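Below: the structure, in structure tokens.
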Amino acid sequence: MKKIYKSALIVLTFMFASVVTMGQTLSADYIKGEVVKAVEKDLELQGFSDVEVNVLGVPFQALELPEGKMKMVIVQNQGSGYSKRCIKALRVYVGNTLIRSFGVPLEVTAYKTALVATKEIGMGKSINSTNVVLKKVQVDGNHTNLVGINALNSDIIATKLYRAGQPIDRRFAKMRSDVQKDEYVTVIFDMKNNLSVSIKAKALANASRGDMVAVQNADNKKVYYGEVIDKNIVKVNI
């Protein structure tokens with residue numbers, strides 16, 4: 001396998017074994033070997049580690065081809081991901097003519113480095129260096145949802161209960177809002193003549209910078225609506 005090509009659209013295609021002959025025979029073992037090299041390389045480029053790919057079979061012992069420039073292409077539909085058992089479509093061309101197309105069943109063992117809970121993390125609790133560790137996780141299914149080390153630079157919270165040993169899944173983690181419901185914030189009243197007054201109030205909803213949110217005065221219980229301008233700071237125009 002010489003090169004890997006990735007399209008910008010729906011199909012990922014990689015080519016290998018481009019040669020010119022006067023008629024050629026491809027053995028099943030040769031095809032298996034080239035498929036393994038191509039798929040392992042593709043997985044490594046996607047950030048997987050400790051990759052092992054086994055071809056479970058091809059539908060012939062040998063493939064007779066006419067003379068000409070030969071290429072083999074594996075096509076993977078976008079979003080299909082990798083699982084322990086999967087089937088990839090292999091197409092064999094001579095020149096621009098498709099000679100044979102068939103499915104190649106694979107058994108894949110691959111790992112990615114991701115954040116894993118070291119203890120129970122309750123729903124709504126912070127995910128941080130005190131309750132997760134970076135380790136290799138065996139991939140099976142949609143690997144793109146695994147959360148990496150960069151997430152620890154952000155204030156993220158769990159949206160489900162994580163048990164110790166479970167990988168953190170981006171579908172069940174989110175950025176903490178700048179203003180949290182039922183927490184107290186500073187409310188700045190922006191008045192005329194460049195005057196401003198600030199009070200403490202309770203946020204009535206979650207909100208982030210630029211959002212409008214309702215806040216309730218802690219003393220008289222009056223409700224105001226203002227814009228979140230920073231973490232735990234809301235500006236109300238009067």
> In the stretch 185-222, how many residues are in contact with a Lys or Arg (Cβ under 7 Å, 6 or more places away or on another chain), modelled with pLDDT of 90 or more and among the acidic types (Asp, Glu)?
Replying inline: 0
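Quick check, is Val147 touching a Pro at 6+ places or on another chain (Cβ under 6 Å), at pLDDT below 90 and β-branched (Val, Ile, Thr)? Talk me through it step by step, then tell me what you get.
On the way: touching a Pro at 6+ places or on another chain (Cβ under 6 Å): no; at pLDDT below 90: yes; β-branched (Val, Ile, Thr): yes.
No.
Which one of these is at pLDDT 90 or above and either within 29 Å of the chain's Cα centre (by Cα) or outside the structural domain of Ala38 (by TED's automatic domain parsing) (or both): Arg91, Arg85? Give the steps one after another, and end with the answer.
Numbers: Arg85 fails: at pLDDT 90 or above.
None of the others qualify; the one that does is Arg91.
Rundown of residues vs (1) surrounded by 14 or more Cβ atoms within 10 Å (Cβ to Cβ); (2) assigned by TED's automatic domain parsing to the domain that holds Asn150; (3) not aliphatic (A, V, I, L, M), yes/no style:
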site: Lys192; (1), (2), (3): no, no, yes
site: Leu195; (1), (2), (3): no, no, no
site: Lys200; (1), (2), (3): no, no, yes
site: Ala205; (1), (2), (3): yes, no, no
site: Arg209; (1), (2), (3): no, no, yes
site: Lys221; (1), (2), (3): no, no, yes
site: Tyr225; (1), (2), (3): no, no, yes
site: Lys231; (1), (2), (3): yes, no, yes
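Could you tell me whether Glu52 is touching a strand residue (DSSP E or B) at 6+ places or on another chain (Cβ under 7 Å), among the charged types (D, E, K, R) and at pLDDT 85 or above? Before you say what the answer is, go through the steps one by one.
Working: touching a strand residue (DSSP E or B) at 6+ places or on another chain (Cβ under 7 Å): yes; among the charged types (D, E, K, R): yes; at pLDDT 85 or above: yes.
Taking the combined requirement at face value, the residue satisfies it.
Conditions (1) under 30 Å from Gln46 (Cβ atoms); (2) touching a Leu at 6+ places or on another chain (Cβ under 6 Å); (3) surrounded by 17 or more Cβ atoms within 10 Å (Cβ to Cβ), marked per residue:
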{"position": "Asp155", "(1), (2), (3)": "yes, no, no"}
{"position": "Lys181", "(1), (2), (3)": "no, no, no"}
{"position": "Val185", "(1), (2), (3)": "no, no, yes"}
{"position": "Met212", "(1), (2), (3)": "no, no, no"}
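Could you look through the stretch 28-49, keep only residues that are at pLDDT 85 or above and within 27 Å of the chain's Cα centre (by Cα), and pick out the one that is farthest from Val137 (Cα to Cα)?
The initial filter retains those residues of the stretch 28-49 that are at pLDDT 85 or above, namely 28-41.
Those still in the list that are within 27 Å of the chain's Cα centre (by Cα) too: 35-41.
Details: Val35: 24, Val36: 21, Lys37: 22, Ala38: 22, Val39: 19, Glu40: 17, Lys41: 19 Å.
Across the stretch 28-49, the extreme among qualifying residues is Val35.
The values are calculated or read from the model by the stated rules, or taken from the named source; none is laboratory data. Everything quoted here is computed from the prediction, not taken from an experiment. Neighbour counts are summed over all protein chains in view; Cβ atoms, including those assigned to glycine, are modelled from backbone coordinates with ideal geometry.
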